[in-house]
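The values are calculated or read from the model by the stated rules, or taken from the named source; none is laboratory data. Quick caveat: nothing in here was measured; it's all calculated off a predicted structure. Positions of Cβ are generated from backbone atoms using ideal geometry, with glycine treated the same way; all protein chains shown enter the neighbour counts.
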Amino acid sequence: MTALHLESLHIETVNDIYLKRGILKLIEYPTTFDFLMRVCNGCGSTAIEHDDIQKSVGHETTFNSTSDSSQLISLCHNLAKETVDEIISDRILCKRVTLKIKTVNFEILTRSKTLSSYTDTLSVITNAAVALLKHELDQELELPALRLMGKESNLMIEFRSYYRVLSFSP
């Protein structure tokens, strides 16, 4: 709403806000007006705070398109191993495995499975990812050939598996 008010008053710059502060005081909420005045005076922080905690770990690979389920499952196992190795080295656990599949038509499907407990166990994570992949491969609808698969795990809260034409992340 504030943007519409500013636009309707032809306010495009901070100087415009200052020059039209009288009308802004009448039409804006007091907190909005105070904010705009602080902006005009250069008050406030320019520091951008962000969470430095890593949210996920993942791996993906691009390959020649294929519908061969054994090749796709093998790639899934390899990506799971790479991801679990990184999870173990980073001393994190996962709770969710997400599978992301990208087809040759560039369609993206994402499927997730929440694990019963936090883990860094290769077999648990791999089995969950492979189960998700098999479920998609077994669907009645014809799944086009895949060209990318990736796997990702979310730190301590989730573990994701992404398959972009075969992407796996725990």
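Taking region 1-18, which residues are in a helix (DSSP H, G or I), modelled with pLDDT of 85 or more and loosely packed, with under 12 Cβ neighbours inside 10 Å?
Correct list: 7, 8, 15.
Mind checking which residues of region 65-91 are over 17 Å from residue 135 (Cβ atoms) and modelled with pLDDT under 80?
65, 66, listed by residue number.
When residues of region 92-124 are filtered for being in contact with a helix residue (DSSP H, G or I) (Cβ under 6 Å, 6 or more places away or on another chain), modelled with pLDDT under 85 and either assigned to a loop (DSSP other than H, G, I, E, B) or farther than 16 Å from residue 72 by Cβ (or both), how many remain?
Number satisfying all stated conditions: 0.
Between 27, 48, 53, which is modelled with pLDDT under 90 and surrounded by 10 or more Cβ atoms within 10 Å (Cβ to Cβ)?
The unique qualifying residue is 27.
Any residue at all in region 79-99 that is small (Gly, Ala, Ser) and not assigned by TED's automatic domain parsing to the domain that holds residue 129?
There is no residue in region 79-99 that is small (Gly, Ala, Ser) and not assigned by TED's automatic domain parsing to the domain that holds residue 129.
Listed residues 38, 21; which is in contact (Cβ under 8 Å) with a residue 12 or more places away in the chain, more than 30 Å from residue 131 (Cα to Cα) and over 26 Å from the mean Cα position of the chain (by Cα)?
So the residue among 38, 21 that is in contact (Cβ under 8 Å) with a residue 12 or more places away in the chain, more than 30 Å from residue 131 (Cα to Cα) and over 26 Å from the mean Cα position of the chain (by Cα) is 21.
I'd like the full set of residues that are under 22 Å from residue 127 (Cβ atoms) and charged (D, E, K, R), limited to region 103-115. Break it down stepwise before answering.
Taking region 103-115 as the starting set, the residues that turn out to be under 22 Å from residue 127 (Cβ atoms) are 109-115.
Passing the criteria: 111, 113.
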